[in-house]
Structures are given as structure tokens and as C-alpha cells.
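Working notes, structure below.
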Amino acid sequence: MSTDFDAVIIGAGFAGMYMLHRLRQKGFTARVFEAGEGVGGTWYWNRYPGARCDVESVQYSYQFSRELEQEWEWTERYATQPEILRYANHVADRFDLRRDIRFETRITAAVFDETANAWRVETDKGDRVAARFVITAMGCLSSPNTPKIPGLEDFKGPTYHTGNWPHEGVDFTGKTVGVIGTGSSAIQSIPIMAQQASHLTVFQRTANYTVPAHNRPLDPAYVRQVKANYPEMRRRARSKPAGIDFTINPASAIATPEAERRREFEKRWSYGGLGFMASFSDLLLNDDSNKTAADFVRSKIFEVVKDPRTAELLTPKNIIGCKRLCVDTGYWETFNRPNVTLVDISDAPIERITASGLRARGQDYAFDCLVLATGFDAMTGALLKVDIRGRGGVALRDKWREGPKSYLGLTVVGFPNLFTITGPGSPSVLTNMLPSIEQHVDFIADCLETMRARGVNVIEPVEKAQEAWVGQVGDAANITLRSTCSSWYVGANIPGKPRVFMPYIGGFPAYIAACETVVKNGYEGFALA
Ligand code: NAP
């Protein structure tokens, strides 16, 4: 059967854009479908005040084009959402990507036709297209979670979700605002909203760890030096578990004398950012080591927050780094402001949203605007919104009822010619997303090229290889403390979602090596037909 395109790509974020570019370079035809009006994915939707990346801008950028790397000028250590969105648009223009992207179009279904060996894809705009391959590039944190709190529809004022923020922005000046959630999105937006609002009430279910960003404008001399040494920096980053170039101290925290340990934590703290978790190599492997880092951060809260009761409430009790560590600018300081109130809802859920606010622990709280900083149905949410059906009409939703299973986080048994960029079972959210995306895109593009050269039409993982990979993902998860708490990594934030640690935590280098071995051995673990 002739198809409309070699590949249909779902999503025009960083993954979808690079996938399109790479396929075109190799002479394949592709059409991208994107729900938004523009490119950028996560950076298109997450426009809440204070949104910025917690990976340094010079590293959170594409490396596939040396020219792009040299010409783009990042202005801050941690780029803001508007700057990253400008970068995404620049990439789209520079590589002339838009002509193959259909915007404001959501794919609703993708069904594999076994007689034609092709995918039949449907969109909410009535498109019906056939493609040999479907490549999902929907992002891991792109399906916003709106918790089913009773009465949500009763609230008379505007309700905003950080993951789907109005494009025109929101001015909270003179308004009273209630915020539910204290994850990364909340921790970034609360300090800014507090500067605008007449009063801000923060409803906290779980106190979170955060480290200071120490964001600053980039020194042009530093940028010049980075640009002169980009390949070397990228190579170092690829050799690190998170795909980010920062130095990991090989020592054990608990085996290090207290004064020396504190010096190391202080050094990392004053440098700022996620590298704090690399202060020692065993912070996520050993409870006692973890506690030293947790206690260090806890002590910092009491240095900043003036009211001891508020400081106590802001103090996280769980393992540091188990939930994703946050990076902030002035978060705890915000709770010293007279117009900010922290409400602890850890021991009882919000009873209901009311017309004028919400009711929690038997008390009514009134506000003009409600902000839901309540996160995402992570890793599988966006994928399973599409009705994806493989061999025998089996739905991916059913296949993954007990949790996602994949081969390399890229392919699924029973779903031939389907690739999931940064899918569950790959390092994805535990790494710098840009290099992880590029590694997946390169793998897929090379695979399609090899198939074409060998006259192969269909690729699909075999059950045994998938089971072995799922076992490896599980074994790696069991070694770390990261799989032990109620986080979105294990689906715990979504009622009814199976509890499975979804990303591969064996590290970026081990993952790259696994993919390279598969290719070297002639796409080992795949059936090629
Ligand atoms: P999140 O980390 O999942 O945080 C959601 C917050 O909402 C949590 O505090 C959660 O409490 C609370 N919540 C959810 N449902 C609730 C309910 N029914 N009642 C009360 N509280 C409720 O979501 P996020 O902040 O959007 O961040 C998600 C991820 O996106 C991050 O971990 C990070 O990977 C990424 N992100 C990155 C950046 C960055 O680069 N700087 C910025 C934003 C987001 P519990 O903890 O008790 O569940």
C-alpha cells in the first residue's frame, strides 16, 4: 500500500522538531501534528510566571548543529520560558520546519493495519493519513493533572493550571490568590505571584526540597569559552548519569567527616542548582548519606524563614531527591512576606472548592483566583490519551494497564513501527532532556535508514528482549532510594495509576551503551520483517 508519509510525528516540541529535521535529512517524508498553535512543546504550554529551565541554558540546547550552537546567544544561566520558546521558534525557522507541521491539530487515534503494514492516523480536524511509522514526541510532562477535588466547577473566579497557562499572561495585581501545590512549578511561580497579589495563600500537601538557582546574566567571556569548547563539554555531559556536565564527588557522604561534608554541601549550595545532589555519590543509595543532605537543606530553611512554625511546615520529612529536586529563586524568603500564608493540608485532603475559595481542615479560605500547580500525568498520560492500537486491534491503554512495558523505552511488543521518544523505560526525565531526545531521534533515524537499505518494512521488539529490558529497568530502580516515595516517577500522583517506577535510572552512559550494543548486534531484540 502506498502511504501519505513515511512517518507521522506526534508533537512539535524539541523532540518532534529534531525528528522531522533528521528524517528530512535522510530523505524520508514526515508530517508533524501539533495540538498547539506553535512549536516548543512544554515551553509553549508552561507559561506560568517564573517558568524557567533548571538545567543551565548552555547545556539545555541542541547539539546536532554546530552552527546553531554558535549563533544562538543565551542570556541567563537558567533560561526563562520566553527565551527557550524564542529558541524553539528560531530552530523552526532556521531549519524551515513549519511547512511540514500541522498546528492546532491533535491526533486522536493511530491504528496499525496489519495487511498494509502501515499506521492509519486520525486527527480531531478530520484528517485521515497513512504512514509506515508513527513516532511519538509528546513529552513526558505534558498531560496536566487537574485533581478531582469536589466543587472545582463551583469556583466563581478564574482557575489557572501552571501546565496550561493563558498565553496573554495573568496579572494578579491587587487580587487574592490561592495556590494548590508546592512542586517545581509552584516553587518557581509563588515568589512572583506573591509580588503581585494582595494576598497569596499556599496550600501545601507535601513540603518539598529546593536548592537556590543563583541565576544570573551570562558573562560574555564565559559564553565565548563554552562555545570554543562545546564538543568537549557535550562529551563530558554524555559521560554523566544525568547527561549534565557537573562534577560528581565520588566520596560517600556518611563516610566523610562532618566538617568536610558540610564544606562540600556549602560549596554546592553557594554554586546553586541540581548539582547539589552530586555533592556525594551515595546520596540516593544510602539512607544515612541521604539524611546528611536532607538535614543540611532543612537547616537552611530555618536560617531563612523567620516564623519557626512556618519553617517547620516548610521542612520536608521525606528523602531528598526522591521526588524531583526543585531549584528556586527566593522561594522560602517569600514566606516572610506579610501577604503570604502557608496552609498545611498534609493530614487531610482539601474538603471542597467553594464559590469563593476552598474549605480545608474545617476552615474556609477565600480568594479571587485559584492556581492549580498540581503537576502532570507523567510519562504515560499524553501517550495514552491517543487511542493507539497495535496488532489485533489491541490498545496500548490495555497493554499498559499494569504499567508501561517497553523495549529500551522506545518500542513496544505488538506495536510494530511505533517509536516513543523519551518513552517510559528510557532515562528521559532523569536526564537533561535535550541530549536524551537527540540520542533517541538519532537512534530512530538510523534505524529507518538501515531498514530502507536492507529492504525491511517492519520492526518490532520481541517479547523476550522486552521482558529482559523491563527487568533491567526494575532492577536499576530497586537499587536507588528514588523509587521509594510517592512521586510522579511512580505514578503516585494520579489516583488508580499503577505504581511502577517508569524511567530507566541506570544512567545515560549505560543507556547509550545498551542502545549501541543493540545496533551493533544487528538490532538485537527486534524482529525485522
Ligand atoms: P509536581 O511536582 O507533581 O507537583 C504537584 C504539586 O501539587 C505537589 O505539591 C502535589 O502534592 C500537589 N498536589 C497534587 N494534587 C493535589 C491535591 N489533590 N491536593 C493538594 N495538593 C495536590 O508538578 P510540577 O510542579 O508541575 O512539576 C512536575 C515536574 O515538571 C517537575 O518535577 C519537573 O520535572 C518538571 N518541571 C521542571 C521545571 C524546571 O525545569 N524548572 C519547572 C516545573 C516543572 P504532593 O507532593 O503531596 O503530591
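A few comments on the model shown:
- Rg [Å, one decimal], Dmax [Å, integer] - the range 459-515, C-alpha atoms: 12.8, 37
- Here the Debye sum runs over all C-alpha atoms of the range 1-91 as equal scatterers in vacuum, and log10 of I(q)/I(0) at q = 0.17 Å⁻¹ comes out as -0.77.
- Approximating the spin labels as points 7 Å out from Cα along Cα→Cβ, the Arg309-to-Thr29 distance works out to 6.9 nm.
- Bridges between two residues of the chain, per DSSP, are antiparallel at a rate of about 40%.
- When peptides 103-115, 286-298, 322-334 are ranked by their average number of other Cβ atoms within 10 Å per residue, the highest-first order is 322-334, 286-298, 103-115.
- Paramagnetic reach from Glu37 (point 7 Å along Cα→Cβ, amide N under 11 Å) across the range 149-169: 167-168
- Binned Cα-Cα distances of the range 65-110, short to long, each 5 Å bin given as a whole percent: 5, 16, 22, 20, 15, 11, 8, 3, 1
- Solvent-free Debye scattering, log10 I(q)/I(0), computed from the Cα coordinates of the range 152-372 at q = 0.08, 0.10, 0.13 Å⁻¹: -0.36, -0.55, -0.86
- Dividing the mean sequence gap of close Cα pairs (under 8 Å, 6+ apart) by how many residues the range 152-372 holds gives a relative contact order of 36 percent.
- Along its three principal directions, the equivalent ellipsoid of the chain from the Cα gyration tensor extends over semi-axes of 38, 27, 23 Å, largest first.
- Cα-Cα pairs of the range 393-506 separated by more than 21 Å (percent): 40
- Over the range 214-328, the reciprocal of the mean inverse Cα-Cα separation, the Kirkwood hydrodynamic radius, stands at 15.9 Å.
- Computed helical MRE - 222 nm, the chain, DSSP H runs ≥ 4 contributing -39500 (n - 2.57), nearest 500: -9500 deg cm²/dmol
- Computed over the chain, relative contact order equals 19 percent, with contacts defined as Cα pairs under 8 Å that lie 6+ residues apart.
- Model label points for Phe103 and Asp154, set 7 angstrom from Cα along the Cα-to-Cβ axis, are 4.0 nm apart.
- DSSP beta bridge pairing in the range 152-372, given as percent antiparallel to the nearest 5: 25
- Per-q log10 I(q)/I(0), the range 204-277, q = 0.17, 0.22 Å⁻¹ (Debye; single scatterer per alpha-carbon; no solvent): -0.89, -1.15
Laboratory data are not the source of any read-out in this text; all were calculated from the coordinates shown. Source: prediction; values computed, not measured. Quick reminder, even Gly has a Cβ in these numbers, built from the backbone with ideal geometry, and neighbours come from all protein chains shown.
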